[in-house]
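Below you'll find the structure, written out as structure tokens, and then a few comments.
Each reported figure results from applying straightforward, stated rules to the coordinates on display, with no laboratory input. These figures come from a predicted structure and were not determined experimentally. Reconstructed Cβ throughout: ideal geometry from the backbone, glycine too, with neighbour counts over all protein chains shown.
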Amino acid sequence: MPKITEPEAIKDVLIVEPERHGDERGVFMETYRRSWFPLGREMVQANRADRQAGAVVGLHYHLHQADYWTVPRGKARVVLHDLRVGSPTELATLTLDLDEQNALGVFIPPGVAHGFATLSDLTITYLVDGYYNPDDELGLAWDDPAVGADWGVASPVLSARDQANPKRTEISPARLPHFGLRR
């Protein structure tokens, strides 16, 4: 059984530290099991992204979808920010590093904005519990001072979409997630 913890910083986020089993052939780890996540639904889509060092992706959030991330190659600085109105950790930010050495996974519930900086060339895999829905692809400015993120990258490379994401104070109340409410 892996070690699963809920950090105090953001309610319902779960960090998974898998058990490693190894011998002269290498290492085996179970990285995901549905039963580990009481708030999760079945994951229905798996995605993989390969990024070069210096990229920043996000911050993104969903009203409906949960994500589960792992980094099997390289190192990512993950930034999470609780946008859920009424959450006991509303507006809190959590930063953690995922890499091939610590093999951590992170479960991100709907309404928690998420992004990552590539501290090295990397591969990130993520499972999602909803099929791609452009209406549920929302964003928050990666450099919003209210988030206060330390991305660990001096000159980040960002997509046009991520450069255009609004600050928290500019997001319409209708587009904000609510704690405990999954639309």
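Count Lys and Arg as plus one, Asp and Glu as minus one, and take only other residues whose Cβ is under 9 Å from that of MET29; the net charge is then -1. When the Cα positions of PRO173, PRO18, SER87 are compared along the charge dipole of the chain, PRO173 comes out farthest toward the positive end, with charges on each C-beta of Lys, Arg, Asp and Glu.
Using a simple spin-label model with pseudo-atoms 7 Å out from Cα toward Cβ, GLN45 and PHE28 lie 3.2 nm apart.
What is the local net charge at ARG73, summed over the other residues whose Cβ is closer than 13 Å to its Cβ (Lys, Arg +1; Asp, Glu -1)? Let's see the in-between values first.
Details: positive: ARG48, ARG51, LYS75; negative: ASP50, ASP99, GLU100, ASP121.
With Lys, Arg at +1 and Asp, Glu at -1, the net is -1.
Simple point charges give the picture: +1 on the Cβ of Lys and Arg, -1 on the Cβ of Asp and Glu, and for the chain a dipole about the Cα centre of about 300 debye. The GNM of the chain, with springs linking C-alpha atoms under 10 angstrom apart, assigns the highest mean-square fluctuation among TYR32, TYR61, TYR131 to TYR131. Taking each DSSP H run with n ≥ 4 as -39500 (n - 2.57) and averaging over every residue of the chain yields -500 deg cm²/dmol at 222 nm.
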